[in-house]
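The values are calculated or read from the model by the stated rules, or taken from the named source; none is laboratory data. This is a predicted model, so every value here is computed, not measured. So basically every Cβ, Gly included, is an ideal-geometry build from the backbone, and we count neighbours across all protein chains shown. Just the protein is used for accessible areas: all its heavy atoms, side chains included, with ligands, DNA and RNA removed. Shrake-Rupley method; radii C 1.70, N 1.55, O 1.52, S 1.80 Å.
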Amino acid sequence: KKMKFLVILLLIAILVVIVNTETIEINANNAGAPFAQSQQTGDAAKGNVDAIEEEDKAFDDEMAALEKEAFGEEEEEEDEEERKFNDEDDKLLEDEKDDDDDDDEEEDEKENEEYDQETIYVTTYGDERLSANKAGWNSQVEMQEKLAAYFVRKNITVEFVNNEEALKTKGHGFIDSQRAGVDVLSRVPKDSPLIISISTWAYSSFLFAGLRDHDGPLLILGNWNGQFPGLVALLNLAGSMKKLDIAHSRLWSTNFTDEFFEAKMNEFFKHGDINYPKKHITIIKKENERKLIKEYPEAEQVAAQLALDMVEERQFMCVFDEGCMGMENAILSTHALSEVGFYKERLSQSALYAEMLKVSDDEATNVFNWISEKGLKFDMGTSEEDALTKNQVLQQCKMYVAAVRMAHRYNCSGIGIQYQQGLKDLVPASDLVEGLLNNAVRPPVMESAENQQVLFEGEPVVHFNEADEGAGVDAIINNRLLRLFDYDPATTLHDVRYGEEIDGRFVWVFQISGGAPPSHFVKGYAGSTSHRQPKMYFPLGGGTLRGTGKPGRIVWSRVWEDSHGVLTVDVGTGSVISLPETVRDSLWKKTTFEWPIVPTILDGVSRDEFMSTQMANHVQVAYGPKDLVAFRPFVASKILTLKHMGFKVNYIGGVSLFNAPNKEI
C-alpha cells in the first residue's frame, strides 16, 4: 500500500512540473506581440491551458479513484467492522491480557509479603428504608471487623469511612442517600484506594455523585451470606458502574481469610485492579452465527421470523416508575431500546393505585376464591402488623385486576411494577400479584363490569419484578419464543441470592422477593403457599407466592447496557435440581424462608467465573425441554433471535451446541 501511494505522489509531481513548464512557454511567446494579435494569441493560449487543466483534472480524478480503490473501500469496510464489533474486540483483547497475566496471577497467589502501602479507605452503603438499615448494620460491623483483622495481618493502614451522622441519630452507619454519599466520600482523598464493602442489599444510586471525582483504585467487596446478601448488591453495583463507565474491580468472600480472597487482594494492592479469566465467555460473532444457522436451520427460520415480527410490531414495556431501589443497571436508555424495537410506556404507580380503587370487592373475592380452589394455601393470622391477613390478600387481588386492565389499556407487551418505593407505604406487597400475572393459568379478568371480555385469556401478562427493564426485555422475548415452541410461556426473574457446594457440585439459590409463576414450582398451585412478606421491607404486609422450583432444564439470561449505549445479552443454560427436603430447608433458612427457592446448577461456568462477569443481580429464567436433543435448538433459537434483533450476545458456559468445545462455537 505504501509503495503504491508513493508512486501516485511521484506521478502527480511530474505532471505539475509539465503543466508549469508549458504554461511558462505560452506566456513567453505572447509577451511582445502587438495588442491586435495578443487577443487572438491569448485566446489560443487560454484554450491550450484549459485543455491541459481538463487533462490534469481527469488525471487527478483517476489518481483519486486508484487511491480510493487501494485504501478507501478497505478503510470504509474496516471502519464499519470496527463500529460493529468494537466492544467484542475489546473483550477479546481482555482475554489475551488475562492469558498473558496467568503467570503473574500464580505468582501473586504465592506472595505472602507485607505491604508498606498508603492508607486504604473502606466505606459502605445501604438501603433507603430505616428498618432495613438498622437490621443489617450488625452484619456490616461483623464484616468490617473481619476486614480490620485482615489489614492487621497484612500490616496495612486502614480507615473505615462510615456515615457518622447516621450512627449518631439512626442506629446505623450506612450511606443512605445521595447527599450522604457526597458528604461521606468527601473524606476520602481522591487518588487513594477505596474499598466499598457490602454486607446487605443496598441502593447503588447513593454512591455515584460521591464517586464522581474519585481517581484512585476502586474495589467492590461483597460478603457471601444468604440472609444479608452483599453478593446481590455487589452484582447490581458492578453492572451499574459498567453502564456509567466507572472503572472498578470486584471481589467476594465467605470469611475474608480464604486463599482466593487473599490472592485477589494481593493483586489489587499490586496492580490497582483485579483481572479474571474469561474463558467461559463465547462471543457470538458473525462466524459463530453462521455455524449456528448451519447446524440448526429450523431454529434459524423461527428466529428470523420472530425477530422480524417483534421489531416491526414494536414492543411496549409499561414501567410503573423506573429506578427501583436505586438500580441504575435496571434502567435502559430509550435510544438503546429503540434500536431493537422496544419502547417504554412510562406509567405512575399512583395511577395503578387509582385503578385499584375502581376494582369492586366482589371482583377481588372472585380472584381469591379462584386461586384458593386451585390449591394455593395461605399462612394467615389476625395481626395486620405481624401476620398475613385476608384483608391484605384481597387488596393484592385488586392490584392484580387493576394491573391486567392497565396492561390491556396501554397495549403492553409486558409490565413492571416497582412497588419498593411509593406503593409500599400505601398497599400490601405486589409479589403475589406478579406471580399470578406471569402464569398462563391465572384468574380471569374482565375488561369492565359492563364489558365481560376476558383479557389476555390463556396467556401470561408478562411482568418484570422491581421494574427491572433488562429483565423485562428478556421476558417479553422469552414469552414469544416459548409460545412458538409450544412450551410453558411463564417467565420470571430471580435474584442470584446465594450458593454453596453440595455433594461436590456448586448449587446456586435463585430467589425473587415473593413472586414467581406457580407453573415453575413442584405441583404448581397445589405445591405453593403464601406467607406474609418480611416486616423489615414490607410494612403493610401482603402475601408471597412461594414454592420449590421444579426440576428441569432452563435457559438463563440477562440484558445489560454498557457505557456506549450498546445492549448485550448474556445467555447460559442450567438445570433446576431436586434436593432432599432437609438440604432444601437448610438453604431456605439461610436465605428468606417466605420466598420461593430454585436450587440450580449452571452449565460450564463456575461460581467465581459467573461472579466475575455477571452484570446484574437478576437473571431471567425460562424452562425448556428436559431432553438435550430438543433443548439445543431452543437455545440456538434464543441466541439467533437476539442476534437478528440487533443485540450483542455472549454465551456463558452453557451446554455444547456442537460436537466441539464451547469456545469453538
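A few comments on the model shown:
- Contour minus Cα-Cα distance for Asn411 and Phe658 (0.36 nm per residue): 84.9 nm
- Rounded FRET efficiency, nearest 0.05, which uses the C-beta distance separating Lys377 from Glu259 and R0 of 60 Å: 0.85
- Percent carbon-and-sulfur accessible area, the stretch 242-328, ignoring ligands, DNA and RNA, probe 1.4 Å: 49 percent
- Members of Lys243/Lys648; Lys286/Lys648; Lys424/Lys535; Lys242/Lys278; Lys279/Lys550; Lys278/Lys638 lying beyond 20 Å, as alpha-carbon distances in this model show: Lys279/Lys550; Lys278/Lys638
- What you get for the stretch 541-665, charging only the Cβ of Lys and Arg (+1) and of Asp and Glu (-1), is a dipole of about 260 debye around the Cα centre.
- Pairs exceeding a 19 Å alpha-carbon distance, out of Lys523/Lys626; Lys291/Lys643; Lys398/Lys523: Lys398/Lys523.
- Val522-Lys358 pseudo-label distance in nm [points 7 Å out on the Cα-to-Cβ vector]: 4.3 nm
- Tensor-based shape of the stretch 184-228 (alpha-carbon gyration tensor, a/c under 1.5 rounded, otherwise prolate or oblate): prolate
- For the stretch 441-569, the share of accessible area belonging to carbon and sulfur comes to 51 percent (1.4 Å probe, ligands and nucleic acids excluded).
- Residue separation of Gln452 and His271 scaled by 0.36 nm, minus their Cα-Cα distance, works out to 58.5 nm of gained length.
- Look at the Cα gyration tensor of the stretch 249-336: its axes a ≥ b ≥ c give a/c of at least 1.5 with a/b at or below b/c, and that counts as oblate.
- Spatial separation of Cα centroids for the stretch 135-159 and the stretch 407-458, in angstrom: 45 Å
- The stretch 127-255: C-alpha gyration tensor shape, a/c 1.5 cut-off, then a/b vs b/c: rounded
- With a Förster radius of 30 Å applied to the beta-carbon distance between Arg483 and Arg346, the computed FRET efficiency rounds to 0.65.
- Intensity falloff of the stretch 500-624 expressed as log10 I(q)/I(0), Debye formula with alpha-carbon point scatterers, at q = 0.11, 0.12, 0.21, 0.23 Å⁻¹: -0.42, -0.50, -1.28, -1.40
- Per residue, the stretch 445-493 exposes 35 Å² of accessible surface when a 1.4 Å probe is rolled over the protein heavy atoms with every protein chain present.
- Computed over the stretch 343-466, relative contact order equals 27 percent, with contacts defined as Cα pairs under 8 Å that lie 6+ residues apart.
- Coil-residue trypsin sites (Lys or Arg not before Pro) of the stretch 141-205, DSSP, other Cβ within 10 Å capped at 13: Arg187, Lys190
- Gained length - Glu384 relative to Gln301, 0.36 nm times residue gap less alpha-carbon distance: 24.5 nm
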